[in-house]
Structures are given as C-alpha cells and as structure tokens.
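Structure record follows, encoded as structure tokens.
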Amino acid sequence: MTRWSAVRTAARPLLRLAPDPEHPGHVADAVSELEGARSLDGAIELLRRGVRALPLRGARDLLHGRWLGHPVHPLLVQVPMGAWISSAVLDWTPGGRRAAGVLVAVGVAGAAPAAAAGLVDWAELEDEQARVGIVHAALNAVATTCYTVSLASRLAGHGGRKTALGGLAAVAVSGALGGHLAYRQAAGANHAEAIPRIMPPGWHDMGPVQGLPAGRPVRRLVGDVAVLVVCEADGTLSALAERCSHLGGPLSEGEVADGCVRCPWHGSTFRLSDGRNVTGPATAPQPAFDTRVRDGRVQVRLGSSRVGEEDVVAD
C-alpha cells in the first residue's frame, strides 16, 4: 500500500462527513432527527419548569441580555471555550503544562455564568429548538465535568491531558449544535429585524378609527408586513410590528396594560409608544410606527425620519 493510499484509508470516516452536493450529509440528517426527538420532551418540560421557577427577578433579564440588545450567552461562552482551546495547545507544547492548567481553571470558572445565561434563554425556546438545546447543554455539562476532573488531576500532580481532550471533543460537538440553534433555527435572533427593509414607504391606511376597540390590539396588514394597532381608552393611537422580536409571537393576541403589550407566547413586554422592550426574554425592541388620523381613518408609517413622506399616502 502506498503512503497516499494509507492516508486515504485513514481519512475515509471523515470523508463520509464531508459536504455532498447532492445531499446535505449525515451531520445535517442527524441534527434534523434530533429536532423531532419527542422522547426528550419529558426531560425538557421538567427542566424548563425548574428554570422558570427560579427566583431570579431582575437577574433573568440580565442573563437574557436585554441590556446588551442581544443574547449575552454567546458572549459568555467565549471565556470557557477560548480558555480550553488554548489549554489544549499549551498541554502539548514543551513547558506549557502549568499555563495550560491555569487556563483549564479559568474555563471551569467561566462555565457557570455561561450556563446560567444559556439556560434562561433555553427555557423560552420552542420544542424543536429546545430538543437541540438540551443536547447542547448536556454536552457542555460533560465538557465541564471532564475539565473539572482534569483540573483536580493537575492539582494532585497527575496528568489530566487525556481527560481534557475528552472535554474538548464534547465542546466541539456542543459548539456545532449551538451554531445550528443560532443560524438554522434562529434561536436568539431578532425576528423583527427585517421590517424596516420590507415595509413599503409612505403612509398606509389602517381603516376607520371608530372600528378600533378601545384598549384591545388589532392586527392589520401593509403588504406582507403585519402591524399591531392599539387605540387606548384616551384615544391615543400606537402601532408596532405585530410579530414579536423574540420568536415571532403574535402580539395582536397579547394583553395590553399600562401602555405596554405583552406577548402571549413567552411574556416579552413592549412599550406601545416606542416599541422598547420593557421585559424579556426579548432582547430587541419592536419596530414602531408613526400614527395619524385623516378623515376619520387611521394611517401609519414606519419611523418619522424619511424625507418626502410627510403627506404621501401609499396605495
């Protein structure tokens, strides 16, 4: 057997996982099956209830990342992942074992806040996302356990490198699932982000003002854009993008109180006057619309800074 043939034989298992132009591949198939794994639902519901029952109060929105404008979990995971990947390099570098141990300890310490942020986000996901997420979390727990054991071994004067490699493998698979959650399932993404680009310019008719029930949200359409219109008891008109920025929940089916609308799916609360997210899990505000009444009819437009749209009414 030539050297090239030997390399191809050794690499054959990895080549099976390589992208195939005619087929999404074994990895994509496996993750798609995971999305539909209803056998996980019992454990998911139990853990979800436990996370939601924690008396976190204001710390819950802090962990969601409402203050940051997007989920804080991806930011926090950089600490353990970066430390553990760097420790793997130092572990196999002459003279780097001691520094590697320090980085393993940093990663173990950073895993707790990253896990806390990830869990509060995970508890508000839909079932398909939660199934991928619970495996993602389990692999992170395996990785943290491996690195904790590795750290204990190092402190006792033993090796710890092989255990750390096991943790690194778990982190790698977990990271791939985390990417699937973010990029394919859009967990944590702003589901109202596209509204400013697809909303037609100008003012748009929403129907007669007398047809709006006081204090109750109403759904209207402007092209393909769903708009939430609310006429409060004092006659104040407000309009927001109707699909919640968190996971696209229908705000028109939510509750209006104290100048805010609450999403019926996961409880995110938005201020009607400007769309600001008052409580999470939503981390992004709702696009807000200007409103006016002309000849007894409600009109809305997105924002108030577009030049030349002051008096134009779109068809």
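What full-extension length gain, to one decimal in nm, is calculated for E255 and A194 as 0.36 nm per residue of separation minus the Cα-Cα distance?
19.5 nm
Please list 3J(HN,Hα) in residue order for region 258-268, calculated via the Karplus relation 6.51 cos²θ - 1.76 cosθ + 1.60 where θ = phi - 60°; whole Hz, with x for glycine and proline.
Ordered by residue, 3J(HN,Hα) equals 6, x, 9, 10, 10, 5, x, 7, 10, x, 4 Hz.
Can you work out the Karplus-derived ³J(HN,Hα) for every residue in region 171-183? Use 6.51 cos²θ - 1.76 cosθ + 1.60 with θ = phi - 60°, whole Hz, and x for glycine or proline.
4, 5, 5, 4, x, 5, 5, x, x, 4, 4, 6, 9
Can you tell me what the convex hull of the Cα atoms of region 91-140 projects to on average, as an area in nm²?
Mean projected area for region 91-140: 4.2 nm², to one decimal.
Work out, in µm²/s and without decimals, the Stokes-Einstein translational diffusion coefficient of region 82-173 at 20 °C, 1.002 mPa s, Rh from Kirkwood over C-alpha pairs.
Translational diffusion coefficient: 157 µm²/s.
Considering only I198, A123, G248, whose Cα is most displaced toward the positive end of the charge dipole of the chain, charges sitting on Cβ of Lys, Arg (+1) and Asp, Glu (-1)?
Going by the charge dipole, the pick is A123.
To the nearest 10 degrees, how steep is helix 41-53 against the longest Cα principal axis of the chain, on a 0 to 90 scale?
70
Any idea how far apart L75 and D41 come out in nm if each label point goes 7 Å out from Cα toward Cβ?
With each label point 7 Å from Cα toward Cβ, the separation is 3.6 nm.
Leaving out ligands, DNA and RNA, what percent of the accessible area of the chain is carbon and sulfur, probe 1.4 Å?
Heavy-atom surface of the chain belonging to carbon and sulfur, 1.4 Å probe: 59 percent.
What Rg and what Dmax come out for region 173-315 when only alpha-carbon atoms are used, in angstroms?
Final numbers for Rg and Dmax: 16.0, 60 Å.
Taking only Cα atoms, what is the 0 to 90° angle, nearest 10, from helix 127-155's long axis to the longest principal axis of the chain?
40
Of A138, L272, W84, which is farthest towards the positive pole of the chain's charge dipole, taken about the Cα centre with +1 and -1 on the beta-carbons of Lys, Arg and Asp, Glu respectively?
W84
Length gain on complete extension for the stretch V293 to S273, per 0.36 nm per residue less the alpha carbon to alpha carbon distance?
Taking V293 through S273 to full extension adds about 5.6 nm, to one decimal.
Long-range amide H contacts for V278: which residues qualify at under 5 Å (H placed 1.01 Å from N, peptide plane, sequence gap of 5 or more or a different chain)?
T269, F270, R271
Give the accessible surface of the chain per residue, rounded to a whole number of Å², with probe radius 1.4 Å and ligands, DNA and RNA excluded.
Per residue, the chain has 54 Å² of solvent-accessible surface.
Let's see if you can work this out: charge +1 on each Lys and Arg Cβ, -1 on each Asp and Glu Cβ, no other charges. What is the dipole magnitude of region 46-205 about its Cα centre, in debye to the nearest 20?
I would put it at about 660 debye.
Suppose every K and R has +1 on its Cβ and every D and E has -1 on its Cβ; what is the size of the dipole of the chain about the Cα centre, in Debye to the nearest 20?
Rounded to the nearest 20 debye, it is 1580 debye.
How big is D for region 17-123, in µm² s⁻¹ as a whole number, if Stokes-Einstein is applied with the Kirkwood radius of its Cα pairs at 25 °C and 0.890 mPa s?
145
In whole Å and largest first, what semi-axes does the C-alpha gyration tensor of the chain yield when each eigenvalue is scaled by 5 and square-rooted?
Ellipsoid half-lengths, sorted descending, are 49, 23, 17 Å.
Taking 22 Å as R0, compute the FRET efficiency from the Cβ-Cβ separation of A138 and W92 and round it to 0.05.
Efficiency computed from Cβ-Cβ geometry: 0.20.
So what's the angle, to the nearest 10 degrees on a 0 to 90 scale, between helix 3-15 and the longest Cα principal axis of the chain?
With rounding to tens, the tilt is 40 degrees.
When only Cα pairs under 8 Å and 6 or more residues apart are kept, what is the percent relative contact order across the chain?
After rounding, I find 15 percent.
Place +1 on the Cβ of every Lys and Arg and -1 on the Cβ of every Asp and Glu in the chain, take the dipole about the Cα centre, and give the residue among G42, A233, G175 whose Cα lies farthest towards its positive end.
Checking the options against the dipole of the chain, the answer is G175.
Where does the charge balance sit around T236 when Lys and Arg score +1, Asp and Glu -1, over other residues with C-beta under 15 Å from its C-beta?
Local charge sum for T236: -2.
Check which residues have an amide H placed less than 5 Å from E255's amide H, if you skip close sequence neighbours.
Result for E255 returns R262.
Using a 7 Å offset from the Cα along the Cα-to-Cβ direction at both A156 and E33, what is the distance between the two label points in nm, to one decimal?
Result: 3.8 nm between the two label points.
The values are calculated or read from the model by the stated rules, or taken from the named source; none is laboratory data. Only a predicted model underlies this, so the values are computations on that prediction, with no experimental measurement involved. A quick note on method: Cβ atoms are made from the backbone with ideal geometry, for glycine too, and the neighbour counts reach across all protein chains shown. Just the protein is used for accessible areas: all its heavy atoms, side chains included, with ligands, DNA and RNA removed. Shrake-Rupley method; radii C 1.70, N 1.55, O 1.52, S 1.80 Å.
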